[in-house]
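Step one of this worksheet: look at the structure below.
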Amino acid sequence: MGLLSTLIIGRQNGFRARIRRRVFGAASAVTQTDDPPPPPAEAALGLSPEAPKNVTPPEGYEVVLHREALMPGGITEIIIAGRAIAVANIGGTFRASASSCTHAAPCPLGEGELEDGIVTCWVHGWQYELATGECLTSPDAPLTTHDVQIVGDAVCVRI
Ligand code: FES
């Protein structure tokens with residue numbers, strides 16, 4: 001392991017270490033040991049944290065996401081209990097609705113564009129108000145909405 005890490009990151013006082021210290025400061029100094037390095041934090045890798053497993057959701061709800069997995073303005077599709085659910089973070093408030101566009105299901109609204117609480121289907125542009133499920137393009141074709149509760153770090157959706 002020592003030879004491999006030397007090949008990858010260089011010697012402790014080598015040229016690459018001097019560049020790292022100059023660019024990132026002394027805190028970036030790499031110590032070489034035969035122990036494997038700790039796994040990088042999920043956020044540092046650009047990965048979303050997993051849905052918490054140690055949370056008991058309210059009755060009728062399912063844990064669908066970690067609250068930090070979806071930043072404000074984000075929307076995603078979750079498949080849970082056999083249903084496709086669009087979950088959105090609208091300025092810190094989580095909303096959930098059926099993910100299938102009512103124009104020509106099953107086009108996934110969880111892959112649509114979210115702006116000011118309105119999701120636009122990427123296929124033909126129908127728009128929906130996620131807080132109410134109202135279809136702004138065709139009022140007789142609303143979405144089913146789902147209640148959301150936050151428990152600790154868990155986003156829980158009523159199924
Ligand atoms: S399928 Fe969504 S707008 Fe047509």
| field | Qualifying strands (runs of 3 or more DSSP E) (wholly inside the stretch 44-107; at least 3 residues being in contact (Cβ under 8 Å) with a residue 60 or more places away in the chain, surrounded by 17 or more Cβ atoms within 10 Å (Cβ to Cβ) and away from the ligand (no atom under 16 Å from the Cβ)) | value | 61-66
| message | modelled with pLDDT of 95 or more and within 18 Å of Ser48 (Cβ to Cβ): is that true of Val148 in this structure? | response | yes
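Select, from Ile118, Ile80, Ile90, the only residue that is within 19 Å of the chain's Cα centre (by Cα) and farther than 22 Å from Pro57 by Cβ. Steps first, answer last, please.
Values: Ile80 fails: farther than 22 Å from Pro57 by Cβ; Ile90 fails: farther than 22 Å from Pro57 by Cβ.
Ile118 is the lone residue from the list that is within 19 Å of the chain's Cα centre (by Cα) and farther than 22 Å from Pro57 by Cβ.
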| Does the stretch 138-159 include one or more residues that are in the same structural domain as Pro57 (by TED's automatic domain parsing), surrounded by fewer than 16 Cβ atoms within 10 Å (Cβ to Cβ), among the hydroxyl-bearing types (Ser, Thr, Tyr) and farther than 25 Å from Pro58 by Cβ? | yes
| query | In the stretch 109-122, how many residues are near the ligand (Cβ under 9 Å from one of its atoms) and either surrounded by 15 or more Cβ atoms within 10 Å (Cβ to Cβ) or touching a residue at least 24 places away in the same chain (Cβ under 8 Å) (or both)? | reply | 4
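The values are calculated or read from the model by the stated rules, or taken from the named source; none is laboratory data. Quantities reported herein were computed from a predicted structural model and do not represent experimental measurements. Cβ atoms come from the backbone with ideal geometry, glycine included; neighbour counts cover every protein chain shown.
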